[in-house]
Each structure stands twice: as C-alpha cells, then as structure tokens.
C-alpha cells in the first residue's frame, strides 16, 4: 500500500490499528512543520527537537485511545499545549528557586536531609505498593505526574468517574498509611524549614 497517497483521516484510522508504516508516514508528513513551529515559539534548537520528538512519541503511545478529527489540528494543538506546559514548568522552577533563595536556611547537614527525604519517599512508595494496581497507577498519574482526570482516563482507558473513584480511594488509603509516618513527616518539615 502506498501510504503517501492516503488522506490524513485514512492514516489516523490505520494508526489506531498499530500500523508502524502509517506512523512513519505521519511523522514524515508533519515533523518538519511541527519542528519549525516549535523552533519559532521557543527559539532553541534542542528544545524544539525534544518537543517534536515527545509529541510523536505521545501520538504513538496514545494511538488506540485518542480521538482525532483533523490530524493537522491535533498535532499543532498538541504542540501548543506542550509548549505551554514547558513554560509553566519553567515558571514553577523559577518560583521555587526564588522561594529557596528568599528563605533563610538553617545550617543543616545535607546527609541528614537526604536520609530524611529518602525515608519519606520510601514511606510514600510503600503506601503506593499497598494500593490495588489500578488505584496505584491512578494515584501516581494524578498526584506524582500531575495529570488531569481526563488525561488519566484516556491513558488508562477508563471512565473519568472511575478515575475519580480511584483517586478518592488512594487518598484515603495513603492518609491511613502515612498516619504512622506523621511524626516523621512533621520532623522532616521542621528540620528542613
């Protein structure tokens, strides 16, 4: 089959079936325009390349669950949101850096900080491990990766109501599990700040 002759909508339909050659055709058809647009917006070659690559990787990963009416609109829309998310994360990092430099720091032993943070992280990991598999996945996507209910619903192919249910259950379970570690958490917070 000559994929270069197919319309975008035909390519999208075949992509949902996992046709790698179709994905390659979509990539060849759009990567250059996506990259150019990204470069114009971010003015940084490596970042534009990374955004372009991530967009196509995400398209392949989500090929079975995404709904695409117009391939071009979808790709450029996804790029727009990727760029927005990149700048949002940069702003958060900058605000955090400003916050850190504005806060008076107590002289602390970085080894002690590391050990306390590692222990807290381990407690969180233990709590997640106790959750049912799907609930744990939803918790990680929601609370660790900061994904929206809609994104989680699409990624795990479950309804948004199911996502909300899993989030509620995971938070209840994590509160119960971390209650044991409450004194430890308070000590960490007091020690670090």
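Which helices (runs of 4 or more DSSP H) sit wholly inside the stretch 1-92 and have at least 2 residues that are under 25 Å from residue 146 (Cα atoms) and outside the structural domain of residue 147 (by TED's automatic domain parsing)? Quick ask: steps written out before the conclusion?
Values: elements: 8-16, 20-42, 45-61.
Where helices (runs of 4 or more DSSP H) fall fully within the stretch 1-92 and carry at least 2 residues being under 25 Å from residue 146 (Cα atoms) and outside the structural domain of residue 147 (by TED's automatic domain parsing), they are 20-42, 45-61.
Do we have residue 64 as more than 19 Å from residue 155 (Cβ to Cβ) and out of contact with any strand residue (DSSP E or B) (no Cβ under 9 Å at 6 or more places or on another chain) here?
Taking the combined requirement at face value, the residue does not satisfy it.
Have a look at 143, 154 and point out the one that is assigned to a helix (DSSP H, G or I), at pLDDT 80 or above, out of contact with any helix residue (DSSP H, G or I) (no Cβ under 6 Å at 6 or more places or on another chain) and surrounded by 16 or more Cβ atoms within 10 Å (Cβ to Cβ).
One residue alone meets the criteria, 154.
The values are calculated or read from the model by the stated rules, or taken from the named source; none is laboratory data. All of these numbers come straight from a predicted model, not from anything done at the bench. When we count neighbours, we look across all protein chains shown, and the Cβ atoms used for this are built from the backbone with ideal geometry, even at glycine.
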